[in-house]
Amino acid sequence: MLEAKELRLPQPQREKRYTRLPGEKAQPAPKAKARVMLVCLVAACALMGLAVLVQYSRMVAVSRDIQRTEHSIEQNLEENRVLKQEVAQLGSLERIEKIAREEKGMHKPNSEQIFLLSEPGEDTRLFGED
């Protein structure tokens, strides 16, 4: 004869309920824990990215300052070179003598205009006199 078998349908699983003992702190469910960890990880990555951007912007600013300073140094070296050339030109003896003669009306003294002064008791002979 034929026997009838009992057909069992899968039973829906019940959610596990977590109970706590008196005085025990409530702990978040495993899914909530995973979400918190994910949020913390995303926040940490965002902060690290922000830190990288801040450092990069500082690096760009310092690089720009270095370029400005190097340009300023080049300008100052060129100006210094021009000023040294001008000092050499203005301090030449020929130029000074020309200004003295032409603008100030000066001339070289002759032998009658030169007087030797000495302290009493010193030799008053001129060089070359014996």
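What follows is calculated from the coordinates using simple rules that are stated; it is not laboratory data. Quick caveat: nothing in here was measured; it's all calculated off a predicted structure. Cβ atoms come from the backbone with ideal geometry, glycine included; neighbour counts cover every protein chain shown.
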Next on the checklist: Please arrange K25, K31 by how many other C-beta atoms lie within 10 Å of their C-beta, fewest to most.
Outcome noted: K25, K31
Checklist entry - Where does each of S118, S111 land when they are ranked from fewest to most other beta-carbon atoms within 10 angstrom? => result S111, S118
Checklist entry - How big is the charge dipole of region 30-106 about its Cα centre, in debye rounded to the nearest 20, if each Lys and Arg gets +1 on its Cβ and each Asp and Glu gets -1 on its Cβ? => result 960
Checklist entry - Quick one: what do you get for region 30-106 if you divide its Cα Rg by 2.2 N^0.38 Å? => result 2.84
Checklist entry - Taking +1 at the Cβ of each Lys and Arg and -1 at the Cβ of each Asp and Glu, which of V42, I99, Q75 sits farthest along the dipole of region 30-106 towards its positive end, judged by Cα position relative to the Cα centre? => result V42
